Amino acid sequence: MDMDGVLVHEEHMVPGADALLAALRENQVPFLVFTNNSIYTPRDLRARLLRTGLDVPEEAIWTSALATAQFLENQRPGGSAYVVGESGLTTALHNIGYVLTDRDPDYVILGETRTYSFEAITKAIRLVEAGARFIATNPDEKGPSREGTLPATGAVAALIERVTGRAPYYVGKPNPLMMRSALRHLRVHSENTLMIGDRMDTDVRSGLESGLKTILVLSGISDETTAELFPYRPTKVVGSVAELVDNVLDPFSP
């Protein structure tokens, strides 16, 4: 399940989210909390969720930074990277043995940060022009804040792509790669797994393209008309996860 808009909204728990997690545990249903945000480590996110009243263990949190690290470990073990991002991404890369450097790196990896530096972006552009492979943790162009919209990874990636002519490979949602890496982490099969999210373009699409059933919740950015704007549909639409508490073993029952 996605995190923002599904379990939490800003710094507040979505009503019923704690009951859903309790029901999943009681019925021994394995789950992962997903986020395309690569800023935070699972430990950071666990602390954030605890402040809202949700107890989610670190091993049940899956980020685009972790998916990116797993992808790179499979592609080029023991490689090197120049990173534009924060601790969630750099920690994940250190944990797979990557060297972070601005001297002839194998990859330029762009993640989320609240302090995009013109100097760092310029360095990334020059390294991509020099032959470094270009990876971005996720394609989200913007994110919310209390003050309004913030430019996100996808927007900065578009800037680098426009200058270099080199498009990044996006690892996070809606790339099914992130979903499949999560399925392996859970040791489950797509036939018996569902995706719960508040976005049609990332959550529902990634679930659909990975062979999962999907549930769209209206507690985030989507409303009653959102699903009609897309050429694909979720398996089910609910107001919030509170509606799933009593039937976690058969969420598609009437």
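Just so it is clear, none of the values below were taken in a lab; they were calculated from the coordinates. What you are looking at is a predicted structure, and each value in this text was computed from that prediction instead of being measured. Reconstructed Cβ throughout: ideal geometry from the backbone, glycine too, with neighbour counts over all protein chains shown.
Which value, in debye to the nearest 20, describes the size of the charge dipole of the stretch 54-205 about its Cα centre when Lys and Arg Cβ atoms bear +1, Asp and Glu Cβ atoms bear -1, and nothing else is charged?
Details: 16 positive and 19 negative charges, 74 e Å.
For this selection, approximately 360 debye.
For the chain, take the longest principal axis of its alpha carbons; what is the angle in degrees between that and the long axis of helix 64-75, to the nearest 10 within 0 to 90? Around 60 degrees separate the two axes. Its Cα centre serving as origin, the chain has a Cβ charge dipole (Lys and Arg +1, Asp and Glu -1) of approximately 740 debye.
Starting from 0.36 nm per residue, how many nanometres of slack lie between R43 and L100 once their C-alpha separation is accounted for? Please report the intermediate quantities before stating the final value.
Numbers: separation 57, 0.36 × 57 = 20.52 nm, distance 2.13 nm.
My answer for the length gained is 18.4 nm.
Compared with the rule-of-thumb size 2.2 N^0.38 Å for a compact globular protein, the chain has a Cα radius of gyration ratio of 1.01.
Measuring nothing but how far apart in sequence close Cα pairs (under 8 Å, 6+ apart) lie, relative to its length, the stretch 32-131 scores a relative contact order of 28 percent.
For I61, the residues whose modelled amide H falls within less than 5 Å of its own, excluding neighbours fewer than 5 places apart on the same chain, are V33.
Just checking the listed ones, T91, T52, T225: in the Gaussian network model of the chain with Cα springs under 10 Å, the one fluctuating most is T225. Of the residues I39, V171, V29, the one whose Cα sits farthest towards the positive end of the charge dipole of the chain is V171 (charges of +1 on Lys and Arg Cβ, -1 on Asp and Glu Cβ, taken about the Cα centre). For a test of the definition: using alpha carbon positions, the gyration tensor, and the 1.5 limit on a/c, classify the stretch 106-195 as rounded, prolate or oblate. Verdict is oblate for the stretch 106-195. Among rounded, prolate and oblate, which fits the stretch 142-251 when a ≥ b ≥ c are the square roots of the eigenvalues of its C-alpha gyration tensor, a/c under 1.5 means rounded, and a/b larger than b/c means prolate? Cα axes put the stretch 142-251 in the oblate bin. Magnitude of the charge dipole for the stretch 1-107, about its Cα centre and with charges confined to Cβ atoms of Lys, Arg (+1) and Asp, Glu (-1), is about 140 debye.
When the chain is treated as a GNM with alpha-carbon contacts under 10 Å, the residue of V217, V33, V188 showing the greatest mean-square fluctuation is V188. Sort out the exposed loop GluC sites (Glu not before Pro) in the chain (DSSP loop, at most 16 other Cβ within 10 Å) and tell me the longest stretch that has none. It works out to 12-140. To the nearest ten degrees, helix 118-129 and the longest principal axis of the Cα atoms of the chain are 80 degrees apart. If you run the Gaussian network model on the chain, springs between alpha carbon atoms under 10 Å, then out of L66, L244, L229 the most flexible one is L229. Taking each DSSP H run with n ≥ 4 as -39500 (n - 2.57) and averaging over every residue of the chain yields -9500 deg cm²/dmol at 222 nm. A DSSP coil position with no more than 14 other Cβ atoms inside 10 Å describes the following trypsin sites (Lys or Arg not before Pro) in the stretch 142-223: R146, R187.
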